[in-house]
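Written out below as structure tokens is the structure these notes cover.
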Amino acid sequence: MATLCYSREMNEIFLSPYNAKNAEEKIYKMWEDSGFFNPDVAMDKKVIDSTSTPFTIVMPPPNANGDLHAGHALFITLEDIMTRFKRMQGFKTLWIPGADHAGFETQVVYEKKLEKEGRSRFGMDPDVLYKEILNFTLENKKNMESQVRSLGASCDWSREKFTLDPDVVRKTQETFVRMWDEGIVYRGKRTINWCSKHQTSLSEVETESIEEVTPFYYFKYGPFEIGTVRPETKFGDKYVVMHPDDKRYADYKHGDKLTVEWINGPIEATIIKDPVVDMEFGTGVMTITPWHSQVDFELAQKHNLDVEQIIDFRGKLMPIAGEFNGMNIKDARPKIVDKLKEKGLLIKVDDTYKNVIKRCYKCNSIIEPQIKDQWFVKMEPLAKMAIESVDKGEIKFIPENYEKIFRYWMNNTIDWNISRQIVWGIPIPAWFKDGESVASIIEPLGGGWTRDTDTFDTWFSSGQWPLMVTDFPNGKDFNNYYPTDVMETGHDLIFKWVPRMVIFGLYLTGKAPFHTVYLHGLVNDAQGKKMSKSKGNVISPLTLTDKYGTDSLRMALIIGNTPGTDLALQETKVKGYKLFGNKLWNITRFVLENTQNFDGKEVPLEGSDEFYIQELNELVENVTREMNDFKFHLAGEKLYHYVWHTFADKIIEESKEKLKSDKPEVVASAQYTLRHSLETSLKLLHPFMPFITEEIWTHIKKEDENMLMVTKWPQK
RNA sequence: GCGCGGUUAGCUCAGUUGGUAGAGCAACCCGUUUACACCGGGUAGGUCACAGGUUCGAGUCCUGUAUCGCGCACCA
């Protein structure tokens, strides 16, 4: 028979303050050894009813290329709170961890490392480079995993997946081939975003559009005046475009040819009339450079115009530039302007012109639009499915306003370039021969095919992540846990990742991969400024957990932090929750010292005890409701308040008198109230502060009780 | 240019369906007679950005303005 009998020895640990460092590693090991992170084990050991409803979260796989940052700590805490809450409520709870090879991101990190060592990826054997990055990534993966553990994540490590696991690679390639077979993927020669430094194309989300003040030059072009910010692209400009309704140029007819003096001598120009020209802008006349501008390229296709490359893929001018051949565009620009000025073709320069320039989101290089054969995904039909799913209410967003942003993006899709000219990624299974392109895992019949050397955009595979980790299409987990429940991730991924997961889920299975998208904000520094290495204001979560314990950081990240809103992480706040942990620790000490002979059985409540038990019931009800509504900031704050200002300040203070009473029923009632309040508080706090609550629990639980992590969530 | 969000106490932020404004930290005063000084008790501090409107009643709903932040964007 299980009885409570608190001995002196058991209390001794509570005589000194809570030592997070000593407790955390031991507690995490106990959890992991129990196997309860894995719902199958929990069911086998009868901790969870095998008929219960599943609750699944897929962890956004952290990049295996460095240390965890504060944002990771936030998402791990949020997802762990959801997971622990549902697990205690008896759901068949599964949180699946992962690690991301993070294609371009990691390659950039590794290239920086090479640079420091005086090496370069260019000229390296691709296989050697790949192996080096793989080793680097696998080493970092271990580091990342141990940091995720240290934050208390109760995820099922037995199911962990890496985005380069062989089955992930194979399935990603199969999806590509299927999309090709079904006409969703095509090979196209189109304008792409080219980073001349990284020597790869990039998708729209991998570029940043930055507004800059750039000199705007007006040049004389025959009888016309044209404006440009990019004189260096103008060598091949032999089409001059104006609006068909523009009366100023009514004398010129579409197709008219005239000879004009230009940079390197006379050039034959052709008049093109097209309504794409804005008559209000500048002089209403423009020349075009189809190879290096998407608008111009579309115009060229429409009118079947010549398309000529001016700038090569290293960002240098080509032979068409004549004397400027081989020059870097940055150096060439002023020289070209000088030459035009000497020739009397420069009319004026506007130094106040604001222009939006696309840059590489990693190295800040100017993105050069180039024409290149790449693999594209047709976005429109896929986006349509995603919008329909949201229309039907199959996917909800927290906070709600992100639904609008999601819809906006889905309604304005551009076909997705999934080819990357880097080695670090999943190879695109495609073959070329005599201008023909075929998607196929194995070489097509006939022989003589050349394999595509490009790799996939990392989002092409991570977009399928919920399917990969549940072992789509026939795995046991896929049947049991797909669709998953909540996708919790940063609001910055509302474009990059969330839509792609929705699209792939719907495309491959007909079902959205999750019903709730919870988006957290960025974690900023104490002043609310974005953390960055260059500003030197980066706060490492590991430094804070070292100093104050993991539970304290978790509380500081959750309380007062509403979904979608950025958070200013202040060390004093973390410190404050360390004090709270200590408070809880000392409450336990008091309760233990004063309930030594108490058997734990329910007794009739005397005096204010009834009121306090009632208040506790209301707390349980409120906290449970708020947790169900994803309002963890409110639930956490209520718990903090209850424990400190009701439990400690009132229940304990008043109990001091009651415990001295000579009426045994008054003493018993007070003891029951103390013990019940403590146990309930620990259970409610466990998802937020798993370590300290579990540590206390091991000292107060009955012999036949299991660890707190799998103890039943309190009910009113 | 278009879109989204914020503007509440010195600082960082909460405030669920409209009902006389809250927390933490900081400040000030008092207190170490045993759970905790990693503490307790108390004090002070806000025309809820501004202007209108709806309402018996608005921090909360509507309109507009200002301002900060973020996102998107093929005007050469």
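Observations on the structure shown:
- Residues located in region A:549-578, provided they are of a type in the set (Val, Ile, Thr), in a helix (DSSP H, G or I) and near RNA strand B (Cβ under 9 Å from one of its atoms): A:THR572
- Filter result for A:THR283 (closer than 27 Å to A:CYS195 by Cα, open to solvent by less than 70 Å² (accessible area, probe 1.4 Å) and within 9 Å of RNA strand B (Cβ to nearest atom)): no
- In the set A:PHE647, A:PHE598, only one residue is among the aromatic types (Phe, Trp, Tyr), within 11 Å of RNA strand B (Cβ to nearest atom) and under 26 Å from A:LYS701 (Cβ atoms); that residue is A:PHE647.
- Residue check, A:ASN537 open to solvent by 10 Å² or more (accessible area, probe 1.4 Å), at pLDDT 95 or above and over 25 Å from A:GLY581 (Cβ atoms): no
- Which numbered condition A:GLU653 fails, given (1) more than 30 Å from A:GLY564 (Cβ to Cβ); (2) within 12 Å of RNA strand B (Cβ to nearest atom); (3) surrounded by 13 or more Cβ atoms within 10 Å (Cβ to Cβ): (3)
- Once region A:35-63 is narrowed to residues that are out of contact with any Lys or Arg (no Cβ under 6 Å at 6 or more places or on another chain) and in a helix (DSSP H, G or I), the residue that is surrounded by the fewest Cβ atoms within 10 Å (Cβ to Cβ) is A:ASP44.
- Taking each residue of region A:643-659 that is modelled with pLDDT of 90 or more and looking for partners that are basic (Lys, Arg) with beta-carbon atoms closer than 8 Å, six or more apart or interchain, yields A:VAL643/A:LYS583; A:TRP644/A:LYS583; A:ALA648/A:LYS583.
- Condition broken by A:GLY581, with the remaining ones in (1) open to solvent by 20 Å² or more (accessible area, probe 1.4 Å); (2) near RNA strand B (Cβ under 8 Å from one of its atoms); (3) closer than 19 Å to A:LYS547 by Cα satisfied: (1)
- Scan of region A:445-460 for residues that are in contact (Cβ under 8 Å) with a residue 12 or more places away in the chain and either outside any strand (DSSP E or B) or surrounded by 13 or more Cβ atoms within 10 Å (Cβ to Cβ) (or both), ordered by number: A:GLY446, A:GLY448, A:TRP449, A:ASP452, A:THR453, A:ASP454, A:THR455, A:PHE456, A:ASP457, A:THR458, A:TRP459, A:PHE460
- Positions within region A:398-444 being within 16 Å of RNA strand B (Cβ to nearest atom), closer than 27 Å to A:TYR110 by Cβ and either of a type in the set (Phe, Trp, Tyr) or open to solvent by 20 Å² or more (accessible area, probe 1.4 Å) (or both), in sequence order: A:TRP416
- A:LEU522 passes every criterion in (1) more than 11 Å from RNA strand B (Cβ to nearest atom); (2) under 26 Å from A:MET82 (Cα atoms) apart from (1).
- A:GLU602 open to solvent by 60 Å² or more (accessible area, probe 1.4 Å), in contact with a helix residue (DSSP H, G or I) (Cβ under 7 Å, 6 or more places away or on another chain) and not in a helix (DSSP H, G or I): yes
- Count of region A:72-129 residues which are open to solvent by 10 Å² or more (accessible area, probe 1.4 Å), within 20 Å of A:CYS195 (Cα to Cα) and not in a helix (DSSP H, G or I): 6
- Scope region A:656-675; condition more than 15 Å from RNA strand B (Cβ to nearest atom) and either in contact with a strand residue (DSSP E or B) (Cβ under 9 Å, 6 or more places away or on another chain) or charged (D, E, K, R) (or both); matching residues: A:ASP662, A:LYS663, A:GLU665
- For first residues located in region A:276-304 and over 17 Å from A:GLU232 (Cα atoms) and touching a residue at least 12 places away in the same chain (Cβ under 8 Å), partners that are within 6 Å of RNA strand B (Cβ to nearest atom) and not in a helix (DSSP H, G or I) and lie 6+ apart or on another chain with Cβ distances below 6 Å form the pairs A:GLY282/A:GLY227.
- When restricted to residues that are part of a helix (DSSP H, G or I), touching a Ser or Thr at 6+ places or on another chain (Cβ under 9 Å) and hydrophobic (A, V, I, L, M, F, W, C), region A:199-255 contains 1.
- Residue ID - least open to solvent (accessible area, probe 1.4 Å), chosen from residues in region A:346-392 that are basic (Lys, Arg) and away from RNA strand B (no atom under 15 Å from the Cβ): A:LYS372
- Those strands (runs of 3 or more DSSP E) lying entirely in region A:317-436 with at least 1 residues within 29 Å of A:ARG170 (Cα to Cα) and of a type in the set (S, T, N, Q): A:367-377
- Whenever a residue of region A:41-62 is more than 16 Å from A:MET468 (Cα to Cα) and of a type in the set (D, E, K, R), its partners that are surrounded by fewer than 19 Cβ atoms within 10 Å (Cβ to Cβ) and at pLDDT 95 or above, lying with C-beta atoms within less than 7 angstrom and at least six residues away or across chains, give the pairs A:ASP49/A:GLY90.
- In region A:286-304, the residue that is nearest to A:GLU268 (Cα to Cα) out of those that are within 7 Å of RNA strand B (Cβ to nearest atom) and not in a loop (DSSP other than H, G, I, E, B) is A:THR287.
- Entry remark, region A:670-716: residues being among the hydrophobic types (A, V, I, L, M, F, W, C) and touching a His at 6+ places or on another chain (Cβ under 6 Å) number 1 in total.
- Members of region A:476-499 found to be of a type outside the set (A, V, I, L, M) and open to solvent by less than 10 Å² (accessible area, probe 1.4 Å), listed by number: A:TYR481, A:THR484, A:GLU488, A:THR489, A:GLY490, A:TRP497, A:PRO499
- For region A:145-164, a residue qualifies if it is closer than 21 Å to A:ASP551 by Cα and either at pLDDT below 95 or outside any helix (DSSP H, G or I) (or both), and the qualifying residues are A:LEU151, A:GLY152, A:ALA153, A:SER154, A:CYS155, A:ASP156.
- Across region A:584-595, the qualifying residues are those that are in a helix (DSSP H, G or I) and among the β-branched types (Val, Ile, Thr), and the one among them that is nearest to RNA strand B (Cβ to nearest atom) is A:ILE587.
The values are calculated or read from the model by the stated rules, or taken from the named source; none is laboratory data. None of these values were measured; they are calculated from a predicted model. Every residue, glycine as well, gets a Cβ built from its backbone with ideal geometry; the counts of neighbours run over all protein chains shown. Remember, those area values only see protein heavy atoms, side chains included, never the ligands or the DNA or RNA. Shrake-Rupley method; radii C 1.70, N 1.55, O 1.52, S 1.80 Å.
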